[in-house]
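*Asks:* Next up is a structure, given as structure tokens.
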Amino acid sequence: MECEVCGNEIYGKTIRAIIDGVKLFVCSNCAKFSSSVWKRDSAQSGLTTKPLGYSTKPSPPFKRKTPSKLPPSLDLVENFGQRIRVGRMHHNLSHEDLSRKIGIKISILRKLEMGKMVPDQPQAKKLERFLKINILQAPSETSKPEKNFVNKASALTLGDVVIIQKRGVEEERG
């Protein structure tokens, strides 16, 4: 009989192995690729499987470390792209050199310089530290969104609109 995996002649005992869910007759060399062996049980008409000595459980998925979120207490300056470009030019660095040194992709650096992309705080900190520039600032009072609260006394309600419309109808009649 031939091994159904490697095609070599099987001398001695054939091994019934399950490889990738397929039941095959294999030689002892190819049996190491199997997850379990199968045999016909005489008491039952179905096939039974017997696991091999090693575990076939898949390894747990790789978990990335989530970057530490910095407090949102800092805002970007308005001309951060221009400052990044000036800092890079001041240090005589190309986009490629700067990306290699601080670990940010070249395409992202170009987008940051053009202002098409806003850096997250870890990227901004790297750029500030390496280029010796300031692109993060404490939030100013004017940059905070102002909430416009409507004065209740001057606000119209639906009832007020109905009264005004009724007055207009009464004035037309009178």
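*Asks:* Please go through (1) assigned to a loop (DSSP other than H, G, I, E, B); (2) modelled with pLDDT of 60 or more for Arg16 and return the number of the only condition it doesn't satisfy.
*Replies:* If we test Arg16 against (1) assigned to a loop (DSSP other than H, G, I, E, B); (2) modelled with pLDDT of 60 or more, just (1) comes out false.
*Asks:* Continuing with this model, one more query. Please find, within region 122-153, the residue that is surrounded by the most Cβ atoms within 10 Å (Cβ to Cβ) out of those that are at pLDDT 85 or above and part of a loop (DSSP other than H, G, I, E, B).
*Replies:* Ile135
*Asks:* May I pose another question? Given the structure, is Ser68 within 21 Å of the chain's Cα centre (by Cα), at pLDDT 90 or above and over 30 Å from Ala17 (Cα atoms)?
*Replies:* no
The values are calculated or read from the model by the stated rules, or taken from the named source; none is laboratory data. Keep in mind that what you see is a predicted model, and the values were worked out from it rather than measured. Glycine gets a Cβ as well: all are built from the backbone with ideal geometry, and neighbour counts include every protein chain shown.
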